[in-house]
Amino acid sequence: MRKITFYIVLFLCSLSYAQQQNVTYNYSPYGFSEDDTISITFNGNSINEDTWGVTGNALYLWAWSFDLNNQNIQNSPTNGIWENSDEANKLTYNSLTDTYSITFTPTTFYGRSGIGRIGFLVKAKNGTGDKKSQDILLSVGNFRVTLTSPLQNSTTILASGGSLNISATNTGGNASYSLIANGTSINTNSSTSSYSFTHSNITSNQSYKLETTQSGTTITKLFSVIVNPITVSSTLPSGMVDGINYNTSDNTKATLVLDAPNKDFVYVAGNFNNWQPNASHAMKKDGATGKFWLELTGLVAGENNIYQYWVVDQTPIANSPILVKTADPYSTLVLSPFDDPYIPASTYPNLPAYPAGQEREVTVLQTGQTPYNWQVSNFTKPAKEDLVVYEVLIRDFGSNRNFQDLIDRMDYFKNLNINAIELLPVMEFEGNESWGYNTSFHMALDKFYGTENKFKEFIDVCHQNGIAVILDVALNHAFGRNPMVRMWMDDPDGDGWGDPSTENPYFNTTPRHTYNVGSDFDHSNPRTKDYVRRVVKHWIEEFKIDGFRWDLTKGFTQNCTENDEGCTNAYQADRVAVLKDYADYSWSLDDSHYVIFEHLGSENEEKEWANYRYNEGKGIMMWGNMNYAYNELTMGFTADISGIGHKSRPSFQGPRVIGYAESHDEERLMYKNLQYGNSTNSSHDVKNLNTALSRMSALGAVTLTVPGPKMIWHFGELGMENSIFTCNDGTVNVPGGPDGDCKLDTKPQPQWTQNWTGDTNRNKIYNDWARIIALKTNEPVFKGDYTMTSNNLTPSIEIFDTTLPTSSLNRVIVLANFDVTAKTMNTTIPTGQTWYDLMDANGSTTYNSESVSIAAGQFRIFGNKASTLSTDSFENISGFAIYPNPANTTFKVNKDVSMLEIYDLTGKRIKSFRGDFTPSNSFDISDLNQSIYLIKIENKNGQMLTSKLIKL
């Protein structure tokens, strides 16, 4: 099986798995101690370097060690990271003998003493894709203990009253033995080289330690007995769902439900039974559904109860374990011995302690929790057509890498005028500093980002500021800590980790599509569908999440293989059906829920989703990746950018393409500008930082203005130029290089440490994009139709809505020059008409010429009327009035409204009010400076009206 290392290595979302190579080796001296210098030699003819893409014989040792008790595993500090091994671990190649070798002293190499065993494998410098050998383990020292019966770390199933024969031998002379069961010594034997004892009449579960001591050194072997409780058949109480069921009328009770087909019995172990469950904590089994269940009693409201399932299969299939200890698959808070020690107390105050002496994840249950006090309970989402989504990886947004960082920067989001934030996965993932796609518990929030209440506060503050919250969800796959993987796993080496077995009711044993990572969910299985629906329901109802971006939707098919990309990319009816079903379920819970797919495919499937229930105001939105084309433009080269909008997809009924020039998965535009930009004009050299920055405002003009939803990746608005392949140390390792890439590494944060918001060149991009976004979201014309002239360096876009009155802004022209020299462009302004520069906050710049000269890298946005964001001439529509106006401290409006927002004349949102307001309600503006403001209201029917307010 594959080695899963949690302590130093971040588990990566881009892993895929291949057949591991069995290498042959030898080592010397035999019987080495931890202070001896040892040499390990691998036979080159047992390694197929080509399958790993290795050139120049660049192979590396990945190493870990155990203490004397075969516990407390730690990676060697010289390993580096999995995708970039440290040069200290590079193997020496001898071409004459075709061998690889390395020499080291264990205490130095592993950075510890008290070593009982060492482990290692051979790998490529970048091990992603399972480019590695099998695991190899060697014992350290002359004193060794072998547990001959039962096997070390094994679990024996006995009937109540049964007996267990225990035997062991040791090397290095006579030793003393002590057998401890459930913390109590039950037998000792001294001055012997072997041990034998029979523990009789066993009536309760036993955790054994056999301690063997020689010359002051003690080696411990662990094993256990589980007594078959004879599962009681009992009807599951009505209304129970899988996971924790809190008793709404009695905080001393909670009912646990576990669906575990093919399992014989299950115990619930926890702090409430000192982790030694007996028959009273054996789960009952419902005859109709086959589900296990148990009502816990005697609980105390507000106290943390920590538990774990001990799931037993008395006759497992080959390579599957008898006993699996696992957290609840439906956990909403899990504790991890691997990750929790590295979570700052400032991020997660009062994090419950992981229970000493246990292994792997455990679940936290707490009755009588105080519900979060939502300030916004009826948030009105921005229309799909108006969405400007800001994509964020929390880890790389702020220095604390938590939800509080985002809350503290809410003004940054608000002043940019975006109206949705999309977070990369925040569900419990393996490791801490991750992208989050290596999800293990889909209903639990990852604690590295903060508490549940802090996340709810973030969502609440977003809603108070008119910003929707969208979650990126990885429901195509799960990773090795996931309970539904582990309960039915193939684990030939018995270390408790593995891949799905043939019995697994949730996962495929081999991926059914080309782009797989982790273990591939079988979405044709009713159990998987039920699980996905529970996940959707949890985040919508418990956290008021406004939408999901479904990761890797091409994987939701059962029809293909991992080597058939043509099949994966072709139309698959089962994939269309299951994803429509999930969309329907989301809308059944929240009628206006955003459903977004990362499909990045052809129109044949995407049109079915984009048009699905479109006439009801729904329709599924698609990611529209335009990174390459837009980067060609920003670098100064010709490109066709027509794919940014829905009209590039003729079969789409309307704007359901979320077009973007950057995302988390693409190279930064600015990085490529500086590396490869057009430098033929020395006075406008795109490889020059400030020149490259000066072109990024034009990028916003020809992306954000196009009707339909759009997305930006964090700090594109400040011209972030750090490569997506930037490493932790600030260097850049690109794909295909000798050192592997650093795509998933934690990124530096110059945007804050270098005060980019105070940098004139960077702040101009931010302010220009803010103005453009304000135009897009506030001016009705941008919901209309458009035409585009592209495939050149001077793209032009015409946006229009013929249903709007001629007295209003109903036509817009966007011109941009991405060449490195000035260009004269046709404005298409009709002869005799005066048009307005919509980027002019004062509304005073006008044009009436058929052409205009635009400097290199610059743009213009013209409108047939001045924007209501800047003009003093505004027609009062539908009798909307503000009084008093001018106003001093408060004002009222003469309409029933569900939303009222206040903007300054640059388009920045200053205040937002949401609720059921009537003409009797007053709106407080005592904290505003004297100025002219724009008041935007929305009624329950979604009608939006705008007027001006003078603040005295």
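With the condition kept exactly as written, say whether any residue in segment 683-694 is touching a residue at least 12 places away in the same chain (Cβ under 8 Å), surrounded by 22 or more Cβ atoms within 10 Å (Cβ to Cβ), in contact with a His (Cβ under 9 Å, 6 or more places away or on another chain) and at negative phi. Scanning segment 683-694 turns up at least one residue that is touching a residue at least 12 places away in the same chain (Cβ under 8 Å), surrounded by 22 or more Cβ atoms within 10 Å (Cβ to Cβ), in contact with a His (Cβ under 9 Å, 6 or more places away or on another chain) and at negative phi. Restricting the first member to segment 100-117 and to residues that are touching a residue at least 12 places away in the same chain (Cβ under 8 Å) and more than 15 Å from residue 79 (Cα to Cα), and the second to residues that are surrounded by 21 or more Cβ atoms within 10 Å (Cβ to Cβ) and among the hydroxyl-bearing types (Ser, Thr, Tyr), the beta-carbon pairs closer than 9 Å and six or more apart or on different chains are 115/65; 116/65; 117/65. Is there a residue in segment 770-779 that is assigned to a loop (DSSP other than H, G, I, E, B) and either touching a helix residue (DSSP H, G or I) at 6+ places or on another chain (Cβ under 8 Å) or touching a residue at least 24 places away in the same chain (Cβ under 8 Å) (or both)? Checking segment 770-779: at least one residue is assigned to a loop (DSSP other than H, G, I, E, B) and either touching a helix residue (DSSP H, G or I) at 6+ places or on another chain (Cβ under 8 Å) or touching a residue at least 24 places away in the same chain (Cβ under 8 Å) (or both).
Is it the case that residue 480 is of a type in the set (Gly, Ala, Ser), under 19 Å from residue 330 (Cα atoms) and surrounded by fewer than 24 Cβ atoms within 10 Å (Cβ to Cβ)? Taking the combined requirement at face value, the residue satisfies it. Note on segment 805-834: among residues that are aliphatic (A, V, I, L, M) and outside any loop (DSSP other than H, G, I, E, B), the one that is farthest from residue 947 (Cα to Cα) is 825. Residues 37, 41: which one is assigned by the TED database to the domain that holds residue 100, among the polar types (S, T, N, Q), crowded, with 18+ Cβ neighbours inside 10 Å and more than 30 Å from residue 359 (Cα to Cα)? So the residue among 37, 41 that is assigned by the TED database to the domain that holds residue 100, among the polar types (S, T, N, Q), crowded, with 18+ Cβ neighbours inside 10 Å and more than 30 Å from residue 359 (Cα to Cα) is 41. Of all residues in segment 374-423, those satisfying the criterion of being basic (Lys, Arg) and under 23 Å from residue 591 (Cα atoms) are 381, 384. Reported count of residues in segment 401-432, each being out of contact with any helix residue (DSSP H, G or I) (no Cβ under 9 Å at 6 or more places or on another chain) and assigned to a loop (DSSP other than H, G, I, E, B), is 2.
Total residues in segment 406-422 satisfying the condition of being charged (D, E, K, R), modelled with pLDDT of 95 or more and more than 15 Å from residue 752 (Cα to Cα): the figure is 1.
Number of residues in segment 646-659 that are assigned to a strand (DSSP E or B) and either surrounded by fewer than 24 Cβ atoms within 10 Å (Cβ to Cβ) or in contact (Cβ under 8 Å) with a residue 60 or more places away in the chain (or both) equals 1. Considering only residues in segment 377-405 that are within 30 Å of residue 752 (Cα to Cα) and of a type in the set (A, V, I, L, M), the one that is surrounded by the fewest Cβ atoms within 10 Å (Cβ to Cβ) turns out to be 393.
At least 1 residues being on the phi > 0 side of the Ramachandran plot and among the polar types (S, T, N, Q) is the threshold, and among the strands (runs of 3 or more DSSP E) wholly inside segment 142-236 those reaching it are 184-192, 194-202.
Among the residues here, residue 841 qualifies as surrounded by 13 or more Cβ atoms within 10 Å (Cβ to Cβ), at pLDDT below 95 and over 26 Å from residue 655 (Cβ atoms). Every listed requirement among (1) surrounded by 23 or more Cβ atoms within 10 Å (Cβ to Cβ); (2) in contact with a Phe, Trp or Tyr (Cβ under 9 Å, 6 or more places away or on another chain); (3) not hydroxyl-bearing (Ser, Thr, Tyr) is met by residue 498 save one, (2). Only residues that are in a strand (DSSP E or B) and within 16 Å of residue 102 (Cβ to Cβ) were counted across segment 113-136, and they come to 10. Quick check, is residue 743 out of contact with any helix residue (DSSP H, G or I) (no Cβ under 6 Å at 6 or more places or on another chain) and not in a helix (DSSP H, G or I)? So residue 743 fits the description; yes. Candidates are the residues of segment 788-827 that are touching an Asp or Glu at 6+ places or on another chain (Cβ under 7 Å) and small (Gly, Ala, Ser); the one that is modelled with the highest pLDDT is 790.
Evaluating residue 911 against the criteria (1) part of a loop (DSSP other than H, G, I, E, B); (2) within 19 Å of residue 869 (Cβ to Cβ); (3) not aliphatic (A, V, I, L, M) leaves one unmet condition, (1). Screening segment 251-284 for residues that are without any contact (Cβ under 8 Å) to a residue 24 or more places away in the chain and surrounded by 13 or more Cβ atoms within 10 Å (Cβ to Cβ) and picking the one that is nearest to residue 296 (Cα to Cα) gives 281. When you go through 324, 364 one by one, which is the residue that is of a type outside the set (D, E, K, R), crowded, with 18+ Cβ neighbours inside 10 Å, closer than 17 Å to residue 489 by Cα and touching a residue at least 40 places away in the same chain (Cβ under 8 Å)? Answer to the selection: 324.
Here is a yes/no grid of residues against (1) surrounded by 15 or more Cβ atoms within 10 Å (Cβ to Cβ); (2) under 40 Å from the mean Cα position of the chain (by Cα); (3) free of Cβ contacts under 8 Å to residues at least 12 places away in the same chain; (4) under 30 Å from residue 744 (Cα atoms):
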{"site": "119", "(1), (2), (3), (4)": "yes, yes, no, yes"}
{"site": "127", "(1), (2), (3), (4)": "yes, yes, no, yes"}
{"site": "149", "(1), (2), (3), (4)": "no, no, no, no"}
{"site": "155", "(1), (2), (3), (4)": "yes, yes, no, no"}
{"site": "174", "(1), (2), (3), (4)": "no, no, no, no"}
{"site": "195", "(1), (2), (3), (4)": "yes, no, no, no"}
{"site": "214", "(1), (2), (3), (4)": "yes, no, no, no"}
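Would you confirm whether or not segment 589-612 contains a residue that is touching a strand residue (DSSP E or B) at 6+ places or on another chain (Cβ under 7 Å), surrounded by fewer than 22 Cβ atoms within 10 Å (Cβ to Cβ) and modelled with pLDDT of 95 or more? Yes, segment 589-612 contains at least one residue that is touching a strand residue (DSSP E or B) at 6+ places or on another chain (Cβ under 7 Å), surrounded by fewer than 22 Cβ atoms within 10 Å (Cβ to Cβ) and modelled with pLDDT of 95 or more. Residues of segment 904-931 that are in contact (Cβ under 8 Å) with a residue 40 or more places away in the chain and surrounded by 12 or more Cβ atoms within 10 Å (Cβ to Cβ): 905, 906, 907, 908, 909, 912, 914, 915. Just one of the listed residues (755, 688) is within 29 Å of the chain's Cα centre (by Cα) and not assigned by the TED database to the domain that holds residue 813, and it is 755.
The values are calculated or read from the model by the stated rules, or taken from the named source; none is laboratory data. These numbers were taken from a predicted model, which means no experiment stands behind them. Neighbour counts are summed over all protein chains in view; Cβ atoms, including those assigned to glycine, are modelled from backbone coordinates with ideal geometry.
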